[in-house]
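Below you'll find the structure, written out as structure tokens, and then a few comments.
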Amino acid sequence: MTHTYQISGMTCNGCRTTVEKTLNQMEGLSAEVTLNPPMATITMQQHIATDKLQTALSKAGNYVIEDNDGSKMNHHHEMKHDSKQAEVVTPMANGTGKFYCPMHCEGEKMYDKAGDCPVCGMHLVQEQTVAQKAQYTCPMHPEIIRDAAGSCPICGMNLVPMQPSDSDENKVYDDLWKKMKVSIIFTVPVFLIAMISMIPNNPLMKIMDMQKWNYLQFILTLPVVFYACWMFFVRAWKSIITWNLNMFTLVGIGTGVAFLFSIVGMLFPDLFPNEFKSMDGTVSLYFEATAVILTLVLLGQLLEAKAHSQTSGAIRELLKLAPTEATLVKDGDDSIISIHDIKKGDLLRVKPGDKIPVDGKISEGESTIDESMITGEPIPVDKISGDSVSSGTINGNKSFVMIAEKVGAETLLSQIVQMVNNASRSKAPIQKLADNIAKYFVPIVVIISVITFMIWANFGPEPALVYGFINAIAVLIIACPCALGLATPMSVMVGVGKGATSGVLIKNAEALEHLNKVNVLITDKTGTITEGKPTVEKVFSSENKETEILQNIASLNQYSEHPLAEAVVKYAKTKNISLVNVRDFEAVSGKGVIGTVNNNKVALGNKKLMEQVGAVIPADIEQKIIEEQKLGKTVSYISVGGNVVGFVSISDAIKATSKDAIQELMRQGVEVIMLTGDNENTAKAVATELHLSSYKAGCLPEDKLKEIKRLQAEGKIVAMAGDGINDAPALAQADIGIAMGTGTDVAIESAKITLVKGDLQGIVKAKNLSHAVMKNIKQNLFFAFIYNVLGVPIAAGILYPFFGILLSPMIAALAMSFSSVSVILNALRLKSLKI
């Protein structure tokens, strides 16, 4: 059996190939997919449900498959409500229900449940996404779940939102704070008992003997060990049995040994030599050290949770942009609907001050839109009918009607959030050094701790065993592999978020690092240096048949999506020229278009296309074309029946920011080279105006690819800025591909960096951001290295022979707790960076 389906979401031949390959990998079917029209013809041995096809395509990208009757199978499937049976609930609170380790111990691995990382023991963080559909439940009958507010059908109570008010990070912080309060309540008296007992003529002995005070310390320490801080021992045990040794391994061993030592010393004092005993004959116990160390480690975790929640602040700020409702215009009436009920093609009214609900175009009216939250540019943008608007941007003081074109995960805002999520979890190459050290860090620290005890026990002053024991614990406690592990990912997360709110979308940490090393920038002309909004200046005909020629070329261009083609079609419409059908249409990459119009072979394009079709170019027309090109115009030859009969002159203004951006990049030592498919005269005019040191004209896509390979062979680090579609091969070959423009699916997929505003000034921003992030990472790594390199020997007692200085395990715990927090706080400085 054979069925045909419509496929939406395909924007290029690469998408078509992906969809076709994905479908053909499914058992029991063969598929052929076409881009124009976007259709899939599927032959099945047995009928396969559309939702199964959709599931496969959803894994491959943002593609939607629908039957010919238009019934879509999307990511979400509605279910009928039943007061007796609860619905399946999608993840709430802006969460995907997926969790990751902030240190990325296992790369980009995700977990289905909240908890601790099995490698480093840190709290897993929930991935953020645009909020799912709001649902309501009854506080007395939780089995009742509805998509809208109302009353419970069982008891009549008002339904309440199921979406929690706090984020996952706040829940972690609240839980830690609750444990912290318990830990403080029991640790303080233990600490006071231990300190007072050191006073001459110990006043506590007047109340009861030391043995009883020891039992009281033991009882007070139990809630700290077995409730407030028990998670540290659980993590330590897991790390040992899985041999994923980490900070909690050291904390667990150090405090565990001190606690067990104290219990044995309290119950069986005769087992210990006199070196471990005080003047009254009791063994010196370390309940206060255990409680204080664990409380300080818990404090570090608390501060870390608070600081860490700010590192993903940029994502949450983006999520706040997502509206929850929209005004649907249908049959002349307005109605409020959920953002999740919007379908492609719906007409939506946007009132003054409203957030744009989805991506689309203005169909009626005009306004001023604040796009700063996506582009990073503070100046509002004027929009008129036909202009594109993006989800999450804010309308000014006028009302307009828009048509929905991209909904759900297809919107630019959703793509930005997902891209930031992915980039935040990626690893930068510089992190490899820290990862390699971390493999051996904990075993080395344990060995140093054992050596410390042995040296003090054999060569230290009396009581040598006590000195050895305390210093060995201090070594275990002060070492902090987490500071090393957090150094890079924290800076990357904050930096990527900063870029997203400034209109610079970074695909991964590797791109962020490599951009700092770029010394050559290859840039396209149209849409990159220029506005990308070409307009027709004139249509010249050697036979004074401008109207007939304009009809031919406009009819031919109606099948092309190239900006120059759109300019010609728009110009023809202003002249009230009617379009006719075209046969044998073909777009020749980098050259132009050909086809049969009114039974005549028509070609429109550059000189290379004329040579390809064998068209003869009269000298007078060639001279006129050269004159236009020297003025910086883009000129396309027009041939009919094998003879060039005229040309169309098109202008595309240079962006106001291009000159300043190019000059700044050159000042930073970046060589800027323009590669354009335009002719030599036009390219030279643009290069002269911008003071470019180098350019090449008449470049086909493969020529740009060859030039990048040549530069790379010379040892250059090359960035390529283009539109993300025609320049896809060059973008992929470059060390850093930078897509300019709207941030479409193709741009984001084909480039490592996407500039939402499509402005060369964005490259300056990206370069400055890359430099700042790499500087911040190096600062973090230096601090983490120097902390451990100096801290461990000091804790071992290396300063004692020279200055008589020893480091208490409690002071070591305080230093360790603040080391990771310091790294995070340094990364957070990037939030205030001006790029």
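Below are the figures for this structure:
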read-out	value
Of all residues making up the range 730-758, the number that are more than 18 Å from the chain's Cα centre (by Cα) and at pLDDT 80 or above	6
Tabulated pairs, the range 817-834, first under 20 Å from residue 434 (Cβ atoms), second not in a helix (DSSP H, G or I), C-beta under 8 angstrom, 6+ apart or interchain	819/480; 820/480
Candidate set from the range 388-403 (those that are open to solvent by 50 Å² or more (accessible area, probe 1.4 Å) and of a type outside the set (A, V, I, L, M)); member that is nearest to residue 499 (Cα to Cα)	388
Residue count, the range 654-705 (criterion: at pLDDT below 90, more than 24 Å from residue 630 (Cβ to Cβ) and not in a helix (DSSP H, G or I))	1
All positions within the range 590-611 that are surrounded by fewer than 19 Cβ atoms within 10 Å (Cβ to Cβ) and farther than 25 Å from residue 626 by Cβ	596, 598, 599, 600, 601
Options 633, 573; residue that is within 43 Å of the chain's Cα centre (by Cα) and crowded, with 16+ Cβ neighbours inside 10 Å	633
All positions within the range 659-717 that are of a type in the set (Val, Ile, Thr) and farther than 16 Å from residue 606 by Cα	662, 670, 672, 673, 686, 688, 708, 717
Residue within the range 377-387 that is touching a residue at least 60 places away in the same chain (Cβ under 8 Å), open to solvent by less than 30 Å² (accessible area, probe 1.4 Å) and under 29 Å from residue 499 (Cα atoms) present	no
Residue 795 buried (at least 21 other Cβ atoms within 10 Å of the Cβ), assigned to a helix (DSSP H, G or I) and touching a residue at least 40 places away in the same chain (Cβ under 8 Å)	yes
Qualifying residue in the range 314-323 (condition: assigned to a helix (DSSP H, G or I) and either open to solvent by 60 Å² or more (accessible area, probe 1.4 Å) or modelled with pLDDT of 80 or more (or both))	yes
Matching residues in the range 324-351 - criterion: being open to solvent by 60 Å² or more (accessible area, probe 1.4 Å) and either part of a strand (DSSP E or B) or modelled with pLDDT of 90 or more (or both)	325, 330, 333, 334, 336, 343, 344, 347, 349, 351
Subset tally (residues that are over 29 Å from residue 701 (Cα atoms), not β-branched (Val, Ile, Thr) and not in a helix (DSSP H, G or I)) for the range 549-599	7
Set 731, 807, 781: member being part of a loop (DSSP other than H, G, I, E, B), buried (at least 18 other Cβ atoms within 10 Å of the Cβ) and not aromatic (Phe, Trp, Tyr)	807
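The values are calculated or read from the model by the stated rules, or taken from the named source; none is laboratory data. Quantities reported herein were computed from a predicted structural model and do not represent experimental measurements. Because the Cβ atoms are built from the backbone with ideal geometry, glycine has one as well, and the counts that use them run over all protein chains shown. To get the accessible areas, we keep the full protein, side chains included, count just its heavy atoms, and leave off ligands, DNA and RNA. Shrake-Rupley method; radii C 1.70, N 1.55, O 1.52, S 1.80 Å.
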